1. Quick check on my filter: what residues within segment 220-240 are open to solvent by 60 Å² or more (accessible area, probe 1.4 Å), part of a loop (DSSP other than H, G, I, E, B) and under 21 Å from Ile318 (Cα atoms)?
2. Has segment 340-360 got at least one residue that is closer than 21 Å to Val215 by Cβ, part of a helix (DSSP H, G or I), in contact (Cβ under 8 Å) with a residue 60 or more places away in the chain and open to solvent by less than 60 Å² (accessible area, probe 1.4 Å)?
3. Inside segment 4-21, can you point out the residues that are under 28 Å from His179 (Cα atoms) and either part of a strand (DSSP E or B) or touching a helix residue (DSSP H, G or I) at 6+ places or on another chain (Cβ under 6 Å) (or both)?
4. Could you say which residue among Gln197, Gln182 is closer than 29 Å to Lys51 by Cα, surrounded by fewer than 20 Cβ atoms within 10 Å (Cβ to Cβ), in contact (Cβ under 8 Å) with a residue 24 or more places away in the chain and not aliphatic (A, V, I, L, M)?
5. Exactly one condition in (1) touching a strand residue (DSSP E or B) at 6+ places or on another chain (Cβ under 9 Å); (2) outside any strand (DSSP E or B); (3) open to solvent by 70 Å² or more (accessible area, probe 1.4 Å) is not met by Leu210; state its number.
6. Out of Ala375, Ala330, which single residue is crowded, with 20+ Cβ neighbours inside 10 Å and under 22 Å from the mean Cα position of the chain (by Cα)?
7. Output yes when any residue across segment 291-312 is open to solvent by 40 Å² or more (accessible area, probe 1.4 Å), free of Cβ contacts under 8 Å to residues at least 24 places away in the same chain and not aliphatic (A, V, I, L, M), and no when none is.
8. Please pick out the residue among Val153, Val163 that is β-branched (Val, Ile, Thr), in a strand (DSSP E or B) and either surrounded by fewer than 17 Cβ atoms within 10 Å (Cβ to Cβ) or in contact with a Pro (Cβ under 7 Å, 6 or more places away or on another chain) (or both).
Amino acid sequence: MLIQTIVSFILLISFLVFFHELGHFIFAKRAGILVREFAIGFGPKLFSRFKGETLYSLRILPLGGYVRMAGEDPEIIELKTGSRLVLDRDEQGRVVRIHSSKPDHPGAGPRDETLREYGEDVTEADLPEHLPPVHSTKAGKLLKCDLEKDLFVLLEDENGREVRYHLHPRAVIRYDENHIVQIAPIDRQFHSKTVLQRALTIVAGPLFNLILTVVLLTGIAMAVGVEDKVLIHDVVPDSPAEQAGLQPGDALREVNGEPVKNFTEAGTLIGESGGNSVTLKMARDGQVFETEIQPNRENRIGIEMRQGMREASLSESIAAGFSKTYDLAALMGDFLSRLITGQAGMEQLSGPVGIANVTGKAAEAGWVPLVHLAAVLSLNLGILNILPFPMLDGGRLVFIMVEGIRGRPIDPGKEGVVHFIGFALLMLLMLLVTYNDIVRLFKG
């Protein structure tokens, strides 16, 4: 059971994070931003593959993920002045790849000696697929370079002459066979894009979580149907309901004149009576009738309800997907407002341990509860990320909006401090909710 819980939790969280980061990734690519890495998880890499311009990686801690875009942080690509470089050029003379030694292993000479350090021969197949094939090679000592604006390297060749080489806008620097970095011209960096492009790239993650929620709930509706009517499953002996003549199988249509679609609505309307009598419109064997019932001292009328379902068309299933998503979002919004005003306590929050526990139970119950849980968590992930809190997508969006209003960006150093404080607070919250989860587990 423990293994099933762990595996189900990892797969579920990875699935949700993948869709969230996919939103960022797609909109970043459409804006022309260089995406350096698409990662699921944090920490050391378990698996990675370089495809096109992007490193796709799976990391050891399945509690999140990220899309690393050029320019989000200051670009740090080290080419040390005076170091020995080998340049691979295409047919037009543009540098498509720069061979540079690691900082602690300074290069010592021309191409053959440098290649021995890398431990393998360099072929056209080593180039990323978006670059043209190698046509010629040059070597020399680095005098000056600009990898962002003018895109050039200035070398001193073996004859002591200064030679300037133009860089391909997608050229790569190869430090060794496991360390290849693509240069990022200014127009490929995140901060160089318009306010709208950056805002859409940030919003896309939560938006994809919202879309995923609608799709999953639509799928459930197509598979199991939509709510049709509220049925009485059982009647408590000697209860007000039995005295009123209600029977198992009766359909509940209205409570005090309010139509009900599900037993949650019915229970809420009966509970809101405050002990006063309630008027129920019922249906039995095709006959509709009304009855007035006086709740007992506990404000109960003594019925157990179940949800009747019917097969749904595609349009009805889609409508149900949107409707259920709206209902879940309203419930979460209500909880957040109660949390902020102090009406709900921090002990009601759950973290990874609690989510893993619930995921294991949902997996045991069947695919419908598991998919429904995925929809709920996806919506939670989207809503929480769009909150205007530092370090979250919503916090980053606030800085972009402020830049759009004032016409210039906020100092990156100050923004970094705000996000760092937000990160620290999020870590404290994570510790608190994890403690709550563990306490709940020990209490059963």
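The values are calculated or read from the model by the stated rules, or taken from the named source; none is laboratory data. Given the structure is predicted, the values throughout are model-derived calculations rather than measurements. Because the Cβ atoms are built from the backbone with ideal geometry, glycine has one as well, and the counts that use them run over all protein chains shown. Ligands, DNA and RNA are excluded from the accessible area calculation, which covers all protein heavy atoms including side chains. Shrake-Rupley method; radii C 1.70, N 1.55, O 1.52, S 1.80 Å.
1. Those that are open to solvent by 60 Å² or more (accessible area, probe 1.4 Å), part of a loop (DSSP other than H, G, I, E, B) and under 21 Å from Ile318 (Cα atoms): none in segment 220-240.
2. Yes, segment 340-360 has at least one match.
3. Matches in segment 4-21: Phe19, His20.
4. Gln197
5. Only one criterion in (1) touching a strand residue (DSSP E or B) at 6+ places or on another chain (Cβ under 9 Å); (2) outside any strand (DSSP E or B); (3) open to solvent by 70 Å² or more (accessible area, probe 1.4 Å) is unmet by Leu210, namely (1).
6. On the way: Ala330 fails: crowded, with 20+ Cβ neighbours inside 10 Å.
Unique residue meeting the criteria: Ala375.
7. Yes, that holds for at least one residue.
8. Numbers: Val153 fails: either surrounded by fewer than 17 Cβ atoms within 10 Å (Cβ to Cβ) or in contact with a Pro (Cβ under 7 Å, 6 or more places away or on another chain) (or both).
Val163 is the lone residue from the list that is β-branched (Val, Ile, Thr), in a strand (DSSP E or B) and either surrounded by fewer than 17 Cβ atoms within 10 Å (Cβ to Cβ) or in contact with a Pro (Cβ under 7 Å, 6 or more places away or on another chain) (or both).
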